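Read-outs: derived from the displayed coordinates by stated rules, not from any lab. Every value quoted in this text rests on a predicted model; they were computed, and no experiment measured them. Using ideal geometry, Cβ is built from the backbone for each residue, glycine included, and neighbour counts are taken over all protein chains shown.
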Amino acid sequence: MDNKVRQFSEPVGRNDLCPCGSGKKYKKCCMPKDEDQEKLKRELENLKDVTDQYFPVEEYIELSGYPVTMFDYFLLEILNIVGGVLEVYKKLTAAEIKETLQLIMKEAKEFYSACQICENACLADPLKTVSFEPLLKYGLPLDKYPPNLQQPLNINLFYIEFLELVNEILYGEIRKIILVPEAGQISAAVHHSLLEFISANCWDSCDNKCQKEHTENAYCKFCLFGAQELPCPKKGEISFEEIKIKEEELLH
């Protein structure tokens, strides 16, 4: 036992015995898998900038219709993060990724609609203290979440339940395509990436603006987020009525 602990804690040479205990040389056993894991880790860590590469702005608007709100903007970011992680793992085709993202979008929009009439009213009073006891009884490892998401607040209840929904849909879809252990690994990586994004971006960078202003029109935010600019009502390229925005709401 002590020998295996030593081997795992120190660098393993190509010709050393594999730490897994198989009796084979490391290069003939776990080294390729470990190298793949390191490569995945680096690629996941490099998913810093969120773009609309995997779920374009125009496609979201086509499916959602107008108006597009700040919640829609948050959801669009989430969809592209999920798409980015799925692309890193290269286990799904582009068509399978798109189908999965579209299903997440549909279910997330329904979840948001239900939130509007839920007795908890999380988004109506986002900083209200709330009990996390039901989540703990459900078995969620909240002590492993980023510290700002551990605060027992309505907005965190929304985030956590939202991410659980995304994870459930994602896992349910990809396990139809790939092996269950791999599906679990990928969904766990997605969940981790989303937790980190909400902690660093939503909490630390923008003070949960999307949720606090979830009903506000976000057409200009969509325009700035997308790879291509959207038609501008100020330039007469589209009417204010069509996009359901007032002139004073324009950001530029």
Inset, instruction - Calculate one ³J(HN,Hα) per residue across the stretch 240-249 by plugging θ = phi - 60° into the Karplus curve 6.51 cos²θ - 1.76 cosθ + 1.60, and present them in order as whole Hz with x for glycine and proline. - result: 4, 5, 5, 8, 6, 10, 9, 4, 5, 8
Inset, instruction - Could you tell me whether the chain comes out rounded, prolate or oblate from its Cα gyration tensor? Rule is a ≥ b ≥ c as square roots of the eigenvalues, rounded for a/c under 1.5, then prolate if a/b exceeds b/c, otherwise oblate. - result: prolate
Legend entry - Set of aspartates and glutamates near residue 24 by C-alpha distance (under 12 Å), chain-local residues within fewer than 8 positions excluded: 16
Legend entry - the chain, relative contact order [Cα under 8 Å, separation at least 6], %: 23 percent
Inset, instruction - Rank by packing, highest mean first: peptides 72-78, 60-66, with packing defined as the count of other Cβ atoms within 10 Å averaged across residues. - result: 72-78, 60-66
Legend entry - Cross-link pairs beyond the 25 Å C-alpha cut-off, checked among 106/246; 109/212; 109/209: 106/246
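Expressed in nm to one decimal, what extension gain is obtained for the pair residue 200 and residue 117 from 0.36 nm per residue of sequence separation less their Cα-Cα distance?
27.0 nm
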Legend entry - Computed E for residue 232/residue 102 - FRET, C-beta separation, R0 25 angstrom, nearest 0.05: 0.35
